[in-house]
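The values are calculated or read from the model by the stated rules, or taken from the named source; none is laboratory data. A quick note: this is a predicted structure, and the numbers were derived from the prediction, not measured. For neighbour counting, all protein chains shown are included, and Cβ atoms are generated from backbone atoms with ideal geometry for every residue, glycine included. Remember, those area values only see protein heavy atoms, side chains included, never the ligands or the DNA or RNA. Shrake-Rupley method; radii C 1.70, N 1.55, O 1.52, S 1.80 Å.
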Amino acid sequence: MLNVDIIRRQGTFTLRARFNVAAAGVTALFGPSGCGKTTTIQCIAGLLAPDGGRIELDGVCFYDAAARAQVKAEHRGVGYVFQDARLFPHLSVRGNLHYGAQRSRRAVYASFDDLVAMLELGTLLERRPNQLSGGERQRVAIGRALLAQPRLLLLDEPLASLDAARRDEVLPYLTRLRDQLAIPMVYVSHQFDEVLRLATALVLMRAGEVLDQGTLTELSGRESLRTLAGADRVGAVIEAELLGHDESGLLRLRVGAGELRIPADEPWARGTLRLHLLARDVIIATEPAISLSVRNQIAGRIESIGREAGGSDLVAIDIGANQHVFARITPAATQALELHPGKPVWAMIKAAAIQGHSFAAPARRREL
Amino acid sequence: MWALSAAEWQALTLSLQVAAISVVCNLPLAVALAYALTRRFMGRGLLDAVVHLPLVLPPVAVGYLLLVLFGARGPIGHWLQAKLGLELVFTRAGAALATAVMTLPLMIRAMRVSLEHLDPGLEQAARTLGAGPWDRFFSVTLPLMLPGILAGAITAFAAGLGEFGAVITFVSNIPGQTRTLPLALYTALQMPDGDAAAARLAGLSIGLGIAGLVLAEYLSRRVARRLGR
């Protein structure tokens, strides 16, 4: 468990960061550029000194202004993946991977062979960093950081310097590490899609302040995340249990009290699937529709109706099992359908609009 | 006509020795100074000026300052002789010292070029991987300085072969002890029949200088390529 409660002044900018990070899984620090995310994790790593407060990891104090205590970066055992990889140009990939491993005296939980296999670095080992693509470089940087057997891994927008294709190439490796290694990670990003695919928990930041903290499912219903993610990303994030495939090959997922069927672009076998149901893709009907191409209909009850900044209404629908979906409709539609909190409705979701991301439950943290 | 006499061979080997000794003794100092000069600290400007002084002072003045400090009655020279038995005036060691002082700024300048290209982020990365300050210097900074160190060493060696003013002022012109290539050339010019010898020694100096510069360029390019620049 990481506890951060720091203040740092840089000219006219003041950072006040206070949050906790769970003992396993990926906690995303999400917010617009310049909100203090990188400064925060540099303070956690010890590359920058805060002006006050306290940082503590698993009961070990890294920084305490009151006690004038500060542990040097090289003694914290905190791994750091930089935006620009920062591989040592005079060493081969193998030399880079060994650099941290040779200097670590902590118990080995990620062996060289395991990480090379997990990150598929086997064919790259004898190459020099300048012979690698951007995505390969980032994979080596991640492997190098993990081989030092850190107690915590910080990732500072590791995909930001990559184009979309390279980003999609590296993301699956990060999800794999999240699901197979029991090490807590803090992932800095301003890309909501990355957060959606990786994060188990979320810390929202804006202008040097922590706005909100929680799981993605919790936050997807809150104003704070809606503001930061942008109007066209407003929607419900649902962790849906996989039930199997139907006769036509569609994936069957348990959502609320009902079931969703979506096309599968990958053969999902186990665990949960994280779905992002965008509010603009959800349609409200006051009775089940039969003559409609939309096949996914979930019964629920309106919980609230809120007016958005853009002038449309955002309707929250309780679909049972503690889950919600959101629908964005015009105020005229709200009136015509006589929608009000408590009214039973059907949420209709076009299957093709749903994006699912595999999400295995994070591995239990091994004792380090 | 082009065959070297025994005395000329002696001058050549002495020059090579003096230049080699000065380079070897200068290297650790130059690396430390070049590295220090990329950092911010009090008195950095003053240190920078002192180090570069030999570039702008007349070499004779440098030789004079060396006499004052390192001569038999100079404060440092006296101490060296009393404690270590090291005699500098009129000796090969003294010639190497004068050469070292004169070539130090050249060496540092070559090293600073490669230090300025060095990404400070790499040292940060090394820190997060558990490397302390000395470890970082020897495992990251020094290997990446290597092209500059090589270029600096070879340039200083080539320039050291030709150091004249400071050497003749500090340690005089003694055959077999301090008569290096340029001093032998100067001596030949003073002789009525020394024209052929002067031509040979001048040609030799030019050849050595060009070879040094070409080698420096070639080696630092090779190393730079290996480092992926």
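A few notes on this one:
- When the other protein chains are added to the chain by itself, burial of at least 20 square angstrom of heavy-atom accessible area (probe 1.4 Å, ligands and nucleic acids ignored) affects these residues of segment A:85-108: A:Arg86, A:Phe88, A:Pro89, A:His90, A:Tyr99, A:Arg103.
- Computed from Cα atoms, the angle from the helix A:134-147 axis to the main principal axis of chain A rounds to 70 degrees.
- Counting only heavy atoms of the protein chains and using a 1.4 Å probe, A:Lys37 has close to 10 Å² of accessible surface.
- Where only alpha carbons of the protein assembly as shown are counted, the Rg and the Dmax (Å): 35.1, 121
- Sequence of B:Trp79, B:Trp134 when ordered by accessible area, the most exposed leading, probe 1.4 angstrom: B:Trp134, B:Trp79
- Accessible area of segment A:235-359 belonging to carbon and sulfur atoms, whole % at 1.4 Å probe: 50 percent
- Portion, in percent, of the accessible area of segment B:1-135 that falls on carbon or sulfur, probe 1.4 Å: 70 percent
- Cα-based convex hull, chain B, per residue volume (Å³, whole number): 140 Å³
- The relative contact order of segment A:35-141 comes to 23 percent, based on Cα pairs under 8 Å that sit 6 or more residues apart.
- Rounded to the nearest whole Hz, the Karplus-based 3J(HN,Hα) values (6.51 cos²θ - 1.76 cosθ + 1.60, θ = phi - 60°) of segment B:5-15 follow the sequence 6, 4, 5, 5, 4, 4, 4, 5, 5, 5, 4, with x at glycine and proline.
- Within the listed set A:Gln131, A:Gln42, A:Gln191, the residue fluctuating most in the Gaussian network model of chain A (springs between alpha-carbon atoms under 10 angstrom) is A:Gln131.
- 0 to 90° range, to nearest 10: angle between helix A:93-103 axis and chain A longest Cα axis: 70 degrees
- Note on the protein assembly as shown: antiparallel DSSP beta bridges, both residues inside, total approximately 80 percent of the bridges counted.
- Think of a 1.4 Å ball rolled over the protein heavy atoms: segment A:2-228 then has 37 Å² of accessible area per residue.
- For the options A:Ala207, A:Ala23, A:Ala332, a Gaussian network treatment of chain A with springs between C-alpha atoms closer than 10 Å singles out A:Ala332 as fluctuating the most.
- Heavy-atom accessible surface of segment B:103-229, averaged per residue, reaches 45 Å², computed with a 1.4 Å probe.
- For A:Tyr99, the solvent-accessible surface computed with a 1.4 Å probe is close to 10 Å², ligands and nucleic acids excluded.
- Given +1 at the Cβ of Lys and Arg, -1 at the Cβ of Asp and Glu and no other charges, the dipole of segment A:235-359 around its Cα centre is 60 debye to the nearest 20.
- Annotation: the antiparallel percentage among DSSP beta bridges lying fully within segment A:2-228 is about 60.
- B:Ala202-B:Arg40 FRET efficiency (beta carbon distance; Förster radius 56 Å; 0.05 resolution): 0.80
- Chains B and A together bury roughly 1900 Å² of accessible area, counting both sides, with a 1.4 Å probe on protein heavy atoms only.
- For the residues A:Leu243, A:Leu292, A:Leu202, a GNM of chain A with alpha-carbon springs under 10 Å puts the largest fluctuation on A:Leu292.
- Note on A:Cys61 and A:Ala257: with the Förster distance fixed at 35 Å, the Cβ-Cβ geometry gives a FRET efficiency of about 0.15.
- Each stretch of four or more DSSP H residues adds -39500 (n - 2.57); spread over every residue of the protein assembly as shown, this sum gives -13500 deg cm²/dmol at 222 nm.
- Once the Cα atoms are used to define both axes, helix B:142-161 deviates from the longest principal axis of chain B by about 10 degrees.
- Over chain B, Cα pairs under 8 Å with separation of 6+ residues give a relative contact order of 29 percent.
- What segment A:235-359 shows is 51 Å² of accessible area per residue, with the surface traced by a 1.4 Å probe over protein heavy atoms.
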